[in-house]
Structure formats: C-alpha cells, structure tokens
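Only one structure is covered here, and it is reproduced in the block below.
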Amino acid sequence: MRIDFGEPKPLDSLDGLRLHDPAAYVERCRHDVWRALRLHRPVGREEMPDGTPYWSFASYADCDRIVKDTETFSSEDGTILASVGVGDSAGGQTITLMDPPDHGAIRRPLMRTMRQSVVRRRSESVREKVLRLIDPLVGGGVHDVARLMRLLPMVAVGELLGIPERHWETIAFNTTASIAPEDPEYAVGRDVGDTLRRVHHRLFACFSDSIEARRRDRGDDVVSALLDLEVAGRPIDDRRVMLNCYSVALGANSTTPHVACHTLLALALRPEVWRTVVDDPSVVPALVEEGARWTSPTHHLVRRVTADTEVGGARMAKGDWVCAWVASANRDERVFDDPYTFDVRRSPNPHLSFGAGAHYCIGAPSSRFALSVLFEELARRRMRFEVAGEIRHLHSNWINGITSLPMRFVRDA
Ligand code: HEM
C-alpha cells in the first residue's frame, strides 16, 4: 500500500470501504479510511464477501486490549481476515494459532533460539551477511530494493531457524507467494489454487530437508527445538513440526523486507530526515521503530471471541470474529503526536507493529538488529537515494508489502 504523508482528507461516506478487498490496498493509501473509522465508527460490523460478519476495531485502546486479552480473544481459529468464517486448518497446532497456557509450551523453547543474547552473540556474523546483501546498493546505481530486501529476513534468522542457506531464496519468495497468490509478482500457477499448491509444495520440501538434516545433527535452532519439543509428555509429529517451521518463516519473511522498503522509501521522499540520520547515526534505533510504526507491515490481526463480552460499547457473542486494525492503531492521534509525520526522533513510540502480549513477535530482536545494520551501514557511507521507477505494492489485505521499488543510490563525495 502506498503510504502518504500528512493528514488524510475526510471521506464523504463510510459506505463501500472494501476493507477485505486485497486490490484496494494496491490502488492507494488507505489511512483516510482508518482515520474516518477512528473518528466516526471506531467499532463497526463489517462483512466478508460471503456474508460472514466480523467486528472491526480502529482505535489503539481497543486493538491493544483485544490483542492482549487472549482469554477472551482466541487465536486458535485464525489470525487473518482470510480465516474469518472458515477457520485455519493449522488451528491449535502452531505457535501463532494457539492460546495460553498451551501456547507457552511451544513459545518458550522457540523464544530461547531468538532471544536478545543470541542476537548479540551473532551480531558480527549477521552484520557481515547484511553487508554482503547491500553490497550492490553501496556500489551505487539503480537497483530494485524490494527484490534485494526479500532476503534480509533469512540473512537475519535463517541460521536461527535451522534452514540451510541453499533454501533461503526459495523460502523468501514462496512464503510471500503463499499469502499473496493473486499478486502478479508471485502468481506462479494457472490460478490461485495452482499457485498455492506449487508454493506450498516447494516450501514443505525445504522444511522437510531441513528437518531431516537436524534430525541427524541437532543445533541451537528452531527446527531442533521443535524436534525436541514435547507437548503433554509426547513429541509433536512431523506435520506439526513442519507447520511451525512455516509459521516462523512466514512471520519473518512477510514483514521485515517491507519495513526496510517502506522506511527507505519514506527517507527517499524526505531527504532532510535521512540527512539527520547520516549526521547522527545514534538515532538509528528510533528510526527502526518509526519505520515499523510507519509501515505497520500487518494491517490487521484477527481473533475469535471465546465468551460473551463488551469492547468499545459493542456487545459481542462467543464465536464472533474480531479484526483489530493495527495500521489504524498506529496512527491513532490520541496516542501519537502528528501520526502522519515520519518522525525519526519519536519517543515514546508504543506502536503495535510487533503485536502485544502473549503473542508478541519472537523475531523482534533479530529484525530490529538487521534493520539497524542496514541503516547504519548506509548512513556510515553517506549514501543518498531516490526513487528511480514505478513502485508496485503487494496485493494483500493483510501485509503492507512492496513488490518492486527501483531506487538510484549515490555515494556522497
Ligand atoms: C519487522 C519485522 C517483523 C514484524 C513487524 C513482525 C510482526 C509480528 C506480529 C504483529 C506478531 C503478532 C501476531 C499475532 O499477535 O497474532 C508477530 C508474531 C510472531 N513473529 Fe513476527 N514480525 C517481524 C519479524 C519476525 C521475524 C524475523 C520472525 C522470525 C523469527 C518472526 C516470527 C514471529 C513468530 C513465530 C510470531 C508468533 C509468536 C507467538 O504467537 O507467540 N517475526 N510478529
């Protein structure tokens, strides 16, 4: 989705918002819609194309409450709009699609493979890999940054996942294809169903190969942790290991590249902000947080109501579907001053881009580090960059992605 600067124009009407329509996110910036919802309909009843209703929440306070209250708002039936009315066949099996307390049994060992001390210990080797990845950019010239950044997550966490480097490209491409099979960049089959079959087949072949390798030779990584995991006193089966590999790989690849691209794009359009970073690289951590807020790579998080409840004045019944628009929460003017300004010194910045509560992103330390290295190294070389061609956006109501971002890079003399 394009992200515009400045306060959006008021909408004439709240009819026909097309919140579920993936194409609507390709066409233009949708912050006018979310702003209108926050102002006039912070809690609303929306419908999926098949008529299944869901509750839509636009304010920060409500989104924060829904995401944190795992007792009332379950993740087990799906966490994205595509699951509304149909559920998710991996429900109850993966880290993302489980509720506490069972969720903890799988989250704790996976967290250990990704915690801050691990990121610190691996910092030099990840820095080297990021440097190799951005080598073409620092050499100058025009590059499709979206293509290049696709590999950033695997560079950051590929080894922590326990996936051999030979599979990184395949996983990076196919995880995104699996959530945006209609996007021309990712449509590799005759139709959506065929694309999904192909990309799932490729992904599961990579995971299966990685699992076999780790079965013979354990490491300190996600695949090994899953192989050693016992739930209710029993090891989990291979299908469940595989589904969790998919879940973690998806979490990494569907988000990190787009924070990198949207942040680079914002900085290209606001060169004075980039100059601030070049002159004072100590702002890089704040830049990464603002990039995450600005991008809000997951537009929404979906949950299902477990018991009759009330939020924002709306009474919901057990079984109702709920959609928390994180992208809207991250522009809520009651929490963020000048929310439509890219403020590299924003503090505090309590954005919900990494989620909140029990499901808070386990990859946050790794992706923060990889993104920091990217901007530190570009700043250290005093690189300048500008848009150099047509930008294309991902066909998705869930992920705020960029599929093509041609940029010209010049090294300041
Ligand atoms: C800028 C980068 C990233 C963003 C913005 C992001 C965003 C998120 C969000 C919003 C959630 C919460 C989902 C929910 O509540 O339903 C989440 C959870 C998760 N993320 Fe990330 N993520 C990023 C990077 C990564 C990376 C690099 C990994 C890979 C290791 C990863 C793996 C996961 C996993 C496994 C979960 C599920 C945690 C749980 O359910 O307990 N993410 N992420």
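The values are calculated or read from the model by the stated rules, or taken from the named source; none is laboratory data. Predicted model only: the values in this text are computed from it and were never measured. Every residue, glycine among them, receives a Cβ derived from its backbone with ideal geometry; neighbour counts consider all protein chains shown. Remember, those area values only see protein heavy atoms, side chains included, never the ligands or the DNA or RNA. Shrake-Rupley method; radii C 1.70, N 1.55, O 1.52, S 1.80 Å.
Points to keep in mind about this one:
- The alpha carbon radius of gyration of the range 179-286, expressed as a multiple of 2.2 N^0.38 Å, is 1.52.
- Sorted from longest to shortest, the spans of the Cα atoms of the range 217-333 along the three principal axes equal 57, 53, 19 Å.
- In the range 141-206, trypsin sites (Lys or Arg not before Pro) in a DSSP loop with at most 14 other beta-carbon atoms within 10 Å: 190
- Per residue, the accessible area of the chain comes to 42 Å², computed with a 1.4 Å probe over protein heavy atoms only.
- Calculated over the range 280-391, the projected area of the Cα convex hull averaged across directions stands at 9.6 nm².
- The range 77-112 and the range 1-74 have their alpha-carbon centroids 23 Å apart.
- Distance-filtered residues of the range 239-283 - backbone nitrogen under 14 Å, label point 7 angstrom along residue 105 Cα→Cβ: 240-241
- Highest mean first, the peptides 77-83, 158-164, 312-318 sorted by other C-beta atoms within 10 Å per residue fall in the order 158-164, 77-83, 312-318.
- Its residue count N fixes a reference of 2.2 N^0.38 Å for the range 24-411, and the Cα radius of gyration divided by that reference is 0.96.
- Full-stretch length increase - residue 21, residue 213 - with 0.36 nm per residue and alpha-carbon distance subtracted: 65.0 nm
- Where trypsin sites (Lys or Arg not before Pro) fall in DSSP loop in the range 345-396, at most 12 other Cβ within 10 Å: 345
- A viscosity of 1.567 mPa s and a temperature of 4 °C, combined with the Kirkwood radius over Cα pairs in Stokes-Einstein, give a translational diffusion coefficient for the range 59-103 of 118 µm²/s.
- Pairwise centroid distance, computed over Cα atoms, of the range 266-282 with the range 198-215, Å: 41
- Residue-averaged [θ]222 nm for the chain, counting only DSSP H segments that reach four residues, each worth -39500 (n - 2.57): -14000 deg cm²/dmol
- Peptides 207-216, 87-96 ranked from most to least packed give 87-96, 207-216, packing being the mean of other C-beta atoms within 10 angstrom over each peptide's residues.
- Per-peptide average of other Cβ atoms within 10 Å, ordering 395-408, 128-141, 244-257 highest first: 244-257, 395-408, 128-141
- When you filter the GluC sites (Glu not before Pro) in the range 11-97 for DSSP loop state and at most 13 other Cβ atoms inside 10 Å of their Cβ, you are left with 71.
- Accessible-area composition of the range 178-286, carbon plus sulfur, in percent [1.4 Å probe]: 50
- The range 338-413 and the range 128-142 have Cα centres separated by 16 Å.
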